[in-house]
Amino acid sequence: MFKNSKIYTGKVIHKRFKPKEHYFKYNVFSLLIDLNELEEINKYIKFFSYNKFNIISFYDKDHGDRDGSSIKLWVKKNLRNIGIMTEDISIKLLCYPRIFGYVFNPLSTYFIYNKHSELISIFYEVKNTFGEQHTYIFKAQDEKTVQNKCKKKFYVSPFIEMDCEYHFKTLNPREQLSVVINQNDKDGKLLFASQDGISKDFNNKNLILSYLTHPLMTFKIIGAIHYEAFKLWAKRIKLIAKKIKLKNNITIESK
């Protein structure tokens, strides 16, 4: 029904390598929403609402400046800060939706395209369970797979030091979705995390089936985060104190 917005069903995998191994895998579904199509999706998808409660919903206040203001304007402002023209761009946001009014997105990914449908930038929007957010912003080349790296600037897990580096490897999403993050500390590889999926058309049938096969998924995500944290604590992984408090911050990377 919609040309650029998709539903992806797949899985999330995390594997920690040291000081003790830890592994988990969960089935999830995500939405890839072309922000230019949001109003149409809101109009035609019965189980979906934009900035209103529904079984499945999407709220502006969950992303960007997180104050309910336009996400598109926030993206354009940050693109101009890295010297990218914003005329005739399209913005696709990969994220979990709200389910019965609740969502937690550990990672949301923005794919920004020029008027020729070429990928020109990618944003990685990271949240922690303290209500904070940090966005890593990169220019991008229009390739099948985009690779980026940067220093970790944001406290996420109480079991991982801040002195780390992220290596992102992200598939330009079409029929398949793949976002891979390898996290290294000063001694080498520490953590592998990935999300993959297969696309489905964004329509009423596929959306409700995605919900029925992943009921209350967003509640399970936050529950799983705390459950896996308890298992790490039980393995006596060292706790890292949180030293800096921030609400929303941005790191602009050159490539």
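No value in this document is a laboratory result; all are computed from the given coordinates. For clarity, every value in this text was computed on a predicted model and none was experimentally measured. In this analysis, Cβ positions are derived from the backbone assuming ideal geometry, glycine residues included, and neighbour counts consider all displayed protein chains.
For Val156, Val75, what ranking results if the residue with the fewest other Cβ atoms within 10 Å of its Cβ goes first? It would help to have the intermediate numbers written out before the result.
Details: Val156 20, Val75 23.
So the residues, fewest neighbours to most, are Val156, Val75.
Of the cross-linked pairs Lys144/Lys238; Lys11/Lys77; Lys186/Lys243, which ones have a Cα-Cα span greater than 29 Å in the structure shown? Could the numbers behind the result be given before it?
Numbers: Lys144/Lys238 38 Å; Lys11/Lys77 33 Å; Lys186/Lys243 20 Å.
Flagged as over cut-off: Lys144/Lys238; Lys11/Lys77.
So what's the net charge close to Val126: Lys and Arg +1, Asp and Glu -1, counting the other residues with Cβ under 12 Å from its Cβ?
On the way: positive: Lys127, Lys152, Lys153; negative: Glu125, Glu132.
Cβ neighbours under 12 Å give a net charge of +1.
Which whole-number percent is the relative contact order of the range 6-252 (Cα, under 8 Å, 6+ apart)? Don't skip to the answer; put the middle values down first.
Details: 485 pairs, mean separation 52.3, N = 247.
Relative contact order, the range 6-252: 21 percent.
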